[in-house]
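Asks: To start, I am sharing the structure in question, which I have written as structure tokens.
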Amino acid sequence: MRAEALNSMSSRGRAAVRALGPWPIRDKEIAFLLSLFVLLSGSVVEMNVGDEATRLTAFQAIQKMTMPAVITAAVVFLPLRLGRTLMAKFTKVQAPIYFATAILLGALIVPMRWFLIDMFDVRLNRDLVDGLPLFWVTGLMYLSINASIGRSTAKLAAEVDRTQTLLHELEGQRTKIVEAQEQVRKEIATYLHDGLQSQLVVLGLQMRNSIKNLPTDQAAIANSFIEEIEHIRRVDVRKASQQLSPDLQQISVATAIRDIADRYSPEVKVAIGIDSAVQSPALPERTKLALYRIAEQVILNAAAHGQARNVWLSIAAQDGHFDFQIANDGHALSNPQNPGGGAAIISSWVDYLDGSWSLTQEAGQHVLFKATLNLPVLDSRG
């Protein structure tokens with residue numbers, strides 16, 4: 001038990017020593033605080049020492065002590081800056097330099113006190129005995145200021161690093177969520193295109209074979225059902241498949257967004273204006289998909305929640321980024337501070353393009369979605 005207690009005390013002692021330093025030397029801060037100490041302490045002495053006739057007012061005392069304080073700051077700053085420079089240059093011996101600077105600073109402040117007493121007639125005690133506490137106080141002030149600021153800075157840096165790590169993890173999670181959503185969409189689209197369509201073809205063939213012996217009027221009714229199934233297969237299922245996972249390698253962003261607009265016609269009229277740069281074949285497929293998904297979600301929100309009759313969409317390439325705007329004449333924003341799932345989808349894709357977005361409505365104006373999205377470097381050979 002005694003050995004454990006000794007080890008514990010030893011560990012605490014080593015921790016205390018490590019806490020003292022070495023830390024980065026805060027030359028400006030220490031010079032300022034020491035000069036402030038000289039200004040205030042000297043002013044207090046000048047206001048209280050001597051008889052009533054020789055005592056100074058507060059203004060006179062501060063005025064008298066201003067120059068000594070400035071000289072103190074300048075003189076103290078030099079060894080502090082020297083120590084800081086040497087620590088940066090000789091990294092293997094930082095600790096000796098750090099503590100030697102504390103000793104040098106304490107040793108310098110004592111003759112500095114004598115100089116100020118002689119030069120400016122400051123009414124302080126000139127005895128060497130009074131200089132020793134000043135030596136220790138100065139050294140401790142140096143150590144405590146550097147340690148407190150150093151530890152606070154280290155904690156802040158650690159928090160910044162932790163925050164950056166969490167942000168990177170969040171970005172990674174968002175990317176995974178977006179990729180998972182697209183994977184599910186692709187799987188459903190593939191099933192609709194390959195699985196369901198083939199099953200509907202087989203169903204149509206089986207029904208045609210089964211009605212061969214039916215009376216004419218019944219066969220006509222059955223044929224109408226078969227034609228409806230064929231229409232669903234050729235048009236509705238194919239369209240649903242394309243909407244779930246558009247083939248942006250084969251079509252442009254503008255074409256894909258026009259397909260979105262067609263879904264809501266004629267109830268909602270969508271006017272589209274898209275720069276040629278956005279329609280470039282060299283634009284990465286993932287970027288085109290992000291633009292498509294953002295437009296899809298914003299138009300959906302305008303039609304379903306805002307009950308808009310008109311939507312105006314524009315995408316323009318400007319100085320290394322996309323300006324993406326969608327305005328609509330729908331209802332006012334009910335609670336723009338409480339976004340729903342649609343806003344989360346938009347945010348995921350906007351974040352994917354390192355962008356930012358907003359949804360606003362001025363009094364009597366249209367609801368306006370605005371996004372600034374990073375423009376990828378395009379391959380001119382495309």
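The values are calculated or read from the model by the stated rules, or taken from the named source; none is laboratory data. Fair warning: this is a prediction, and the values are worked out from it, not measured in the lab. Heads up, the Cβs are rebuilt from the backbone with ideal geometry, glycines too, and the neighbour counts pull from every protein chain shown. Remember, those area values only see protein heavy atoms, side chains included, never the ligands or the DNA or RNA. Shrake-Rupley method; radii C 1.70, N 1.55, O 1.52, S 1.80 Å.
Asks: Can you list residues whose amide H is under 5 Å from Phe322's amide H, if they're 5+ apart or on another chain and H is modeled 1.01 Å from N?
Replies: Leu373, Asn374, Leu375
Asks: Expressed as a whole percent, how much of the Cα-Cα distance distribution for the stretch 19-146 exceeds 26 Å? Mind dumping the intermediate values first?
Replies: On the way: 2137 of 8128 pairs.
Roughly 26 percent, rounded to a whole number.
Asks: For Leu78 and Ser347, what is the calculated FRET efficiency with R₀ set at 45 Å and r taken between the beta-carbons, to the nearest 0.05?
Replies: Approximately 0.25, to the nearest 0.05.
Asks: Accessible area per residue for the stretch 249-367 in Å², computed with a 1.4 Å probe and the full protein assembly in place, what is it?
Replies: On the way: 5980 Å² over 119 residues.
Using a 1.4 Å probe on heavy atoms only, each residue of the stretch 249-367 averages 50 Å².
Asks: How high is the FRET efficiency from Ala222 to Ile188, r the C-beta distance, R0 30 Å, rounded to 0.05? Before the final figure, lay out each step's value.
Replies: Working: r = 30 Å, r/R0 = 1.00.
For Ala222 and Ile188, the calculated efficiency is 0.50.
Asks: In addition: Pull out the extension gain between Ala282 and Asp161, defined as 0.36 nm times the separation in residues minus the alpha carbon to alpha carbon distance; nm, one decimal. The partial results should precede the final answer.
Replies: Details: separation 121, 0.36 × 121 = 43.56 nm, distance 3.65 nm.
Value of the extension gain: 39.9 nm.
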